[in-house]
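What follows draws every value from the coordinates through simple rules; no lab data is involved. Given the structure is predicted, the values throughout are model-derived calculations rather than measurements. Don't worry about glycine lacking a Cβ; one is built from the backbone with ideal geometry, like all the others, and counts go over all protein chains shown.
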Amino acid sequence: MKQTGAISAAVAVALLGGVLGGCASLEPPAPTKLARASTESHPATQSSGSPVARAQATHEYPGPRPPRQSARGSSSAVQAVAAFARAYINWNAQTVATDMDALAQESVGQARSAMELAAAQTASDYELRRGGIANSGTVEAVAPIPGPAGRYAVVTRERTTATATNAYEGLRPGWHVAIATVVEISPGRWAVSGWQPEG
């Protein structure tokens, strides 16, 4: 019975250490006896350059590099943001998935991932197509945000309509704000790398 209590206390201490470990040093922990025994019995994992050895040290397994993202870009940061915003807000149920996919191809980083996700979601959105929903609008302003370079506030005025439902009937145009981030993808060529609608 004493041994069971000692094991329970050891488990509790280990769990508490794991929880508190998030606030402790970021250095990888020293290998345990079990980890040392594992590497001793599997010589291939001893090589410090091997993915398994790195995974044991960092608790992350290095995956393949993502495919290189390429976009044509625009000749200025403001042009890149304005073009992206215009394409983002003008769509209809028949074209929205294709439009979002085209935006993904013209952006990089988080913006590309967000547009790829939007394209996938809208491609299978039955309600969107059944309602004949469309969105149209204009880019009213693009302005740099004080702070880190490459961040812009985008103000748009948009209206959502539908041809097969009265859900949007009488809906007046609304003002929307988004935060865009741009990067210079090659000398003199800019692309949107982050897109976050704010309202």
Restricting region 140-159 to residues that are closer than 15 Å to TYR88 by Cβ and either of a type in the set (Asp, Glu) or under 23 Å from the mean Cα position of the chain (by Cα) (or both), the residue that is surrounded by the fewest Cβ atoms within 10 Å (Cβ to Cβ): GLU140
Contacts under 7 angstrom Cβ, first residue in region 165-177 being closer than 20 Å to PRO197 by Cα, partner part of a loop (DSSP other than H, G, I, E, B), 6 or more apart: HIS176/GLY199; VAL177/GLU198; VAL177/GLY199
Residue in region 105-113 that is in a helix (DSSP H, G or I), crowded, with 19+ Cβ neighbours inside 10 Å and within 25 Å of the chain's Cα centre (by Cα) present: yes
Of all residues in region 115-139 being of a type in the set (D, E, K, R) and surrounded by 14 or more Cβ atoms within 10 Å (Cβ to Cβ), the one that is farthest from LEU103 (Cα to Cα): ARG129
Residue tally, condition crowded, with 20+ Cβ neighbours inside 10 Å and free of Cβ contacts under 8 Å to residues at least 12 places away in the same chain, over region 178-199: 0
Every residue from region 83-96 that is assigned to a helix (DSSP H, G or I) and surrounded by fewer than 20 Cβ atoms within 10 Å (Cβ to Cβ): ALA83, ARG86, ALA87
